[in-house]
Amino acid sequence: MTGDERRLVLFPGAGSFGSEFHALRSAAGPSSKVMRYPGRSGRDAGEAVSFEAVVASCADQIAGLPGARPVLLGHSYGAYLAYATALALARRPVPVSLLVVAGASAPDLLRVPPEATASAGAAAAYLDAADPGQLAAAAPEWREAVAETAQRDLRVLAELSLADPPARLSCPVLALRGARDPLTSDASVAEWQRFTQGDFGRRTFEGGHSDLLGDPLLAGLVHDELVRGTGAVPPDSHRTAGPAPR
């Protein structure tokens, strides 16, 4: 990766293909990119993949992009992939400007209910509980495709394994959640601070698990970061300094 352009890289949640990022992509401009997870399309569609394989694929995709110091933004399942990808990029080295994690508790607080991975129907029920109404209006064929993809994604997520103590990033981290998100709490999101040596900020938006992705305030934050290119945590978030190195 070469050059000085900041680029927004987006990591969709379980069962999602990136349409939820429309507002953010509009704010970020045409250079933004949505990660393509292996096992979802093409020759390997439906094949089982590991968490490590998905992270390696994402890191390869980002390392091949023009521009420097990408801003990574992941939602839910995608937040954990974005964190692990940022660690992988640091080893290349491809420095990350800022990691934004939305709708996700800190990695060591993650719990994937085993029942949610038992079947596509169970995965659909999990998504419905997390985001009531999101799948209700979908055509039956699309709902089925989302449910099957979510089941595979949740199985991948259940493989997440952390170092002891967990590896910490050098870039700033901004953690976001919706006030009515049943999968997170202000406290569980605040624990992301332990996963960076850089600055940390958090913000709670109105709405549920995914509503914040369409919030104009978030689109404005992303736009400002890409324009400034500072990698700074927005000053009006709940901002704290990173923990002392251990």
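The values are calculated or read from the model by the stated rules, or taken from the named source; none is laboratory data. Please read all numbers here as calculations on a predicted model, not as lab measurements. Don't worry about glycine lacking a Cβ; one is built from the backbone with ideal geometry, like all the others, and counts go over all protein chains shown. Surface accessibility is based on the protein's heavy atoms, side chains included, excluding ligands, DNA and RNA. Shrake-Rupley method; radii C 1.70, N 1.55, O 1.52, S 1.80 Å.
Of all residues in the range 133-154, those being open to solvent by less than 80 Å² (accessible area, probe 1.4 Å) and not hydrophobic (A, V, I, L, M, F, W, C) number 7.
Whenever a residue of the range 86-113 is free of Cβ contacts under 8 Å to residues at least 60 places away in the same chain and closer than 24 Å to GLN151 by Cα, its partners that are assigned to a loop (DSSP other than H, G, I, E, B) and not β-branched (Val, Ile, Thr), lying with C-beta atoms within less than 8 angstrom and at least six residues away or across chains, give the pairs LEU110/ALA104; LEU110/LEU160; VAL112/ALA158. Filtering the range 118-148 to residues that are under 20 Å from GLY74 (Cβ atoms) and not aliphatic (A, V, I, L, M) leaves TYR126, ASP131, GLN134.
In this structure, ARG177 does satisfy being touching a helix residue (DSSP H, G or I) at 6+ places or on another chain (Cβ under 6 Å), of a type in the set (Lys, Arg) and in contact (Cβ under 8 Å) with a residue 60 or more places away in the chain.
Somewhere in the range 92-101, is a residue more than 19 Å from the chain's Cα centre (by Cα) and open to solvent by 10 Å² or more (accessible area, probe 1.4 Å)? There is at least one residue in the range 92-101 that is more than 19 Å from the chain's Cα centre (by Cα) and open to solvent by 10 Å² or more (accessible area, probe 1.4 Å). Taken together, ALA190, ALA175, ALA167, ALA163 contain a single residue that is in a helix (DSSP H, G or I) and either surrounded by fewer than 17 Cβ atoms within 10 Å (Cβ to Cβ) or of a type outside the set (Lys, Arg) (or both), which is ALA190.
Residue-wise test of (1) modelled with pLDDT of 85 or more; (2) on the phi > 0 side of the Ramachandran plot; (3) not β-branched (Val, Ile, Thr).
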{"position": "THR149", "(1), (2), (3)": "yes, no, no"}
{"position": "GLY198", "(1), (2), (3)": "yes, no, yes"}
{"position": "PRO234", "(1), (2), (3)": "no, no, yes"}
{"position": "ALA241", "(1), (2), (3)": "no, no, yes"}
